[in-house]
Amino acid sequence: MADVHGHLVFACGSSLYAVPADTASEVVNVPTLTRVPGAPAHLLGVFAHRGEVLPVVDLTRLTGHPIDETFKRAVLVRTPQGSVALTATRVLGVTTLEGSFERLGDVGVHQHLRGPARAAAGEVAVIDTQTFIEFLSTAG
Amino acid sequence: MTISAEVIEGLVLCRVGVDRLAVQAQEVTAFELPHPGAPYAGVGFEPGALAPLDGKSLRHHHTSLVVDSVEVHAERLKLLAVPPVLRLAWGGALSGFVETGGLLWPVLSLERFAAHTVRPEAAS
Amino acid sequence: MSLELWLRNRLTWLMLPTVLGNSLAVAVAGPWTASVEALDAASLQVFLLLTVGITLLLQLTLSVAGLNRINRFRGLVSGRLPLNRENRLAALGELRRFPARMVGLSLGGWLGGAALLGLGMVALADASWAIALRLLMIGALFGPLATVLVSLLLTARAHEASDHLAEGLAPHDVIAAAPGVDWSVRGRTVAFTVLLTLIPVLILADVAWVWLGRAPAALAAVPPELRQATADALFQGLALRLVGLGGLSLVFAVIAAAAAAQTIAGPMQRLAAEAHRVAEGFLDAPRVIAADGEVWRVTSVFAQLQERLAGLVRKVLDAGAHVGTATDSLQRTSTRSEATAAAQAAALNETSATTEELARSARQIAASAGSVLELARRTLEAAQQGQNDAAAFQAAVDRMKQDNKSIAGAVDRLQRRVQQIGRIVELINAVADRSDLLALSAELEGTRAGDVGRGFSLVGAEMRRLAENVLESTAEVEELIAEIRDATVRTAEATQRGSVLTERGTALADEVTFSLSRVAELALETSNQVRTITLATQQQQSGTDQLAEAMADILAGTQGELATTHRLAEVNQRLLGLSSSLQTAVGRFTGAKRS
């Protein structure tokens, strides 16, 4: 499958992730977060951005990788199912990916990650943003 | 953007540890001293948190919620929508967010919170 | 016998001669008058009664008047007055005047008594005034006789009493208080003799006259044949009476003479006894022997002589004792002086040795002082050199301090600059970060615009690279700044330490400079002192030599002095012997020794 529009590649912890460039609306510096009562652990909190409340999702917590909180930035992902901000320790930029785009797992968040794709910086897990946000909404 | 913005008037701003939340003033039937067994809002932020001795209890009919301190806010504020990923948080008791004093406050519906407390399995 | 004991009942004893003498005279005169005047029985009775009464009255009066003249003596006898010197002297005066007073009273009593008797006879016994006149004449004849006798007896007793009272009193006091009655022995004796011969003759003549006057009438009254016998009887009666009266007069004269002699012999005997006491060497308590007239002169002079002699002997004895004491003291002093002289000689020997030792020491001190002077000079030089070095060190430290201060200032400025750079780098970082975000957004926008936006994306990517380069560079700059900060902090610390060290160095240099200057002062002082010592030692050396010579002279002199002291001791010994002899000689007058 050819990567027509390209992907925004970013690092979170020790892993590289990519979101389709057309769903990544912008990259922001993460401000102070407001915690939400009864929210799951991977939802670090919310912040207001352009009159909208955005929840911040920590991929290291979600994927079960070693927790890395050195992120400074977040990638805003907008889909018809909703918007989230994904924490990023580094944003590498927009690039075209090569390789396969198969599901990387069958349980939890891994069923919404595809790959193994390849970028200049290394192997990248591509996030299926629509199903990913649906998954987050139902997981609560 | 599924829920259109609406205006809310009369809030009780609550401090819970280092965190905060707000409830609609109409929902509070009485402020009380906390009694043993009443649920503490801090548990929503940190599982196992304990209510302080000088806390306040917000009564809503037969249920009540304990917070550290309260402050009544009378201005009209815009109620910001709950993002879809948080719609089920705390059993769906979140009714929105307000922004005041440069800070964001999650607004809790005591009505729905009471229902969640009666049926705890709905929270998971 | 004590004076108090002797004085007991002495008033009666003193008054007795007066009463007895007068009573005796009355006893002789009364009967005789009665027989001569040929009184009838009634007249005789009146006469006798009057005589006895008047005699008793007069004796009483005389006694009272006499006792009134010796009040002090009376007081002493009765114990009413204390037996002190003053009372005794006053009593002595009274006793001396007493006999003369009693003579006047007695004579007055006789004349008064005779007159009273005559008046009484005229009034009571119808006697003629001729009889009263005769009675007065008889009183005038018997009065002096009785008075002489009374006077002599009284004088003897008064003298005896005086001797007792005067015992123990100072002779000159006694003599002043009770001078003897200055009757001349010759005058008195003549007067007595005249009285004692003339009055009996007058009495006898009167008797004969009266008797013979009655004879013609008696002869005429008898027949003529009886006239011869009557005349014989008359003559015999007259002769008998004359013989009787003559014998009586003789007895009276003998008694009076004995009494008169006693007034001279008594004092003389006592004087002899006293002279004997003096001859025996008893000069204590010289006695004034009471007497009258020339005898008084002798006894009083003797008493004074005795007193003066006693004083003289006492003085001699005192002087002897003083001489003895002085000689004793002199002896002891001499002995001590001898010992002292010997000790002095020994001490001088020792001193002489010490002086020589001193001279040797002085020479050694002079030599040592020279060495010390040289040492002090060298110390002074070293100290001055040290002071110069310390000053140089001080200057170096000062420069270092100045440099340190400059470094500290520079470091401070550097720190401020580095801070400014840090702030600029932060700003650059913020701008680069913002640029990066903007570039990312541009890239995303460009991507979404498809082929049209490709160029836009490229520009965005290029911008991102630039921004990342900037961020990398600023990261390096931040590292460099951190290094500079570390270095400046270390430099600041080092300059701080350096400044502390230079401060300490300055303090040390100050101390060293001070110490060296003190050393220099001391060295200078030492050399001055040593110079003084050297000078003094030289003076001392010459002085010590002179002293040694002087010591030798003194030593020789002391030997001579010792010999003199020996001789002095011998002389003292002899003087002591003489003093002892003197004391023995004067001590013979044992009475003069003080008890």
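The values are calculated or read from the model by the stated rules, or taken from the named source; none is laboratory data. On a predicted model such as this, the values are computed, not experimentally measured, just so you know. All Cβ positions, even for glycine, are placed from backbone atoms using ideal geometry, and neighbour counts span all protein chains on display.
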Pair list, Cβ under 8 Å, 6 or more apart: the stretch C:276-291 residue assigned by TED's automatic domain parsing to the domain that holds C:ALA265, other residue surrounded by fewer than 17 Cβ atoms within 10 Å (Cβ to Cβ) and not in a helix (DSSP H, G or I): C:GLY281/C:ARG588; C:ALA285/C:GLU167; C:ALA285/C:GLY168; C:ARG287/C:GLU167
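A quick yes/no check of all residues on (1) touching a helix residue (DSSP H, G or I) at 6+ places or on another chain (Cβ under 6 Å); (2) of a type outside the set (Ser, Thr, Tyr); (3) surrounded by fewer than 19 Cβ atoms within 10 Å (Cβ to Cβ); (4) closer than 25 Å to C:GLY460 by Cβ:
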| residue | (1), (2), (3), (4) |
| --- | --- |
| A:THR95 | no, no, no, yes |
| A:SER100 | no, no, yes, no |
| A:ASP106 | no, yes, yes, no |
| A:GLN111 | no, yes, yes, no |
| A:PRO116 | no, yes, yes, no |
| A:ALA119 | no, yes, no, yes |
| A:SER137 | yes, no, yes, no |
Filtering the stretch C:204-243 down to residues that are under 30 Å from C:LEU149 (Cα atoms) and either in contact with a helix residue (DSSP H, G or I) (Cβ under 9 Å, 6 or more places away or on another chain) or of a type in the set (Asp, Glu) (or both) yields C:LEU204, C:ASP206, C:VAL207, C:ALA208, C:VAL210, C:TRP211, C:GLY237, C:LEU238, C:ARG241, C:LEU242
What pairs come out if I take residues in the stretch A:6-22 that are surrounded by 24 or more Cβ atoms within 10 Å (Cβ to Cβ) and pair them with residues that are part of a strand (DSSP E or B) and of a type in the set (Lys, Arg) whose C-beta lies under 7 Å away, six or more apart or interchain? A:PHE10/A:ARG90
(1) of a type in the set (Val, Ile, Thr); (2) surrounded by 18 or more Cβ atoms within 10 Å (Cβ to Cβ); (3) more than 14 Å from every other protein chain (Cβ to nearest Cβ) all hold for A:THR70 apart from (2)
Hey, can you tell me all the residues within the stretch C:176-205 that are among the hydrophobic types (A, V, I, L, M, F, W, C), within 30 Å of C:ALA285 (Cα to Cα) and surrounded by fewer than 21 Cβ atoms within 10 Å (Cβ to Cβ)? C:ALA176, C:ALA177, C:VAL181, C:TRP183, C:VAL185
Quick test for you: out of C:VAL251, C:VAL243, pick the one residue that is within 30 Å of C:GLU37 (Cα to Cα), surrounded by fewer than 17 Cβ atoms within 10 Å (Cβ to Cβ) and at pLDDT below 85. C:VAL251
Just one of C:ALA205, C:ALA191, C:ALA217 is closer than 30 Å to C:ARG96 by Cβ, part of a helix (DSSP H, G or I) and of a type in the set (A, V, I, L, M); which is it? C:ALA191
Looking at the stretch A:88-112 only, could you name the residues that are under 15 Å from the mean Cα position of the chain (by Cα) and farther than 17 Å from A:HIS65 by Cα? A:VAL91, A:LEU92, A:GLY93, A:VAL94
Those residues of the stretch A:80-108 that are within 14 Å of chain B (Cβ to nearest Cβ) and without any contact (Cβ under 8 Å) to a residue 12 or more places away in the chain come to a total of 0
Residue among C:ASP389, C:ASP436, C:ASP403, C:ASP398 that alone is at negative phi and within 13 Å of chain A (Cβ to nearest Cβ): C:ASP436
Unmet requirement for A:THR131, which otherwise passes all of (1) touching a helix residue (DSSP H, G or I) at 6+ places or on another chain (Cβ under 6 Å); (2) within 14 Å of chain B (Cβ to nearest Cβ); (3) surrounded by fewer than 21 Cβ atoms within 10 Å (Cβ to Cβ); (4) in contact (Cβ under 8 Å) with a residue 40 or more places away in the chain: (4)
Only one of B:LEU88, B:LEU104, B:LEU108, B:LEU94 is closer than 23 Å to A:LEU44 by Cα, touching a residue at least 60 places away in the same chain (Cβ under 8 Å) and within 13 Å of chain A (Cβ to nearest Cβ), namely B:LEU108
If I ask for residues that are of a type in the set (A, V, I, L, M) and over 14 Å from C:TRP32 (Cβ atoms), which ones from the stretch C:121-139 would you list? C:MET121, C:VAL122, C:ALA123, C:LEU124, C:ALA125, C:ALA127, C:ALA130, C:ILE131, C:ALA132, C:LEU133, C:LEU136
Exclusive hit being among the aliphatic types (A, V, I, L, M), surrounded by 13 or more Cβ atoms within 10 Å (Cβ to Cβ) and within 30 Å of C:LEU414 (Cα to Cα), set C:ILE484, C:ILE533: C:ILE484
Enumerated strands (runs of 3 or more DSSP E) restricted to the stretch B:26-90, each holding at least 3 residues that are among the acidic types (Asp, Glu): none
Matching residues in the stretch A:113-127 - criterion: being at pLDDT 90 or above, under 16 Å from the mean Cα position of the chain (by Cα) and farther than 28 Å from A:GLY51 by Cβ: A:LEU113, A:ARG114, A:ALA117, A:GLU123, A:VAL124, A:ALA125, A:VAL126
Checking C:GLU225, C:GLU274, C:GLU280 in turn, the sole residue that is crowded, with 18+ Cβ neighbours inside 10 Å and among the acidic types (Asp, Glu) turns out to be C:GLU274
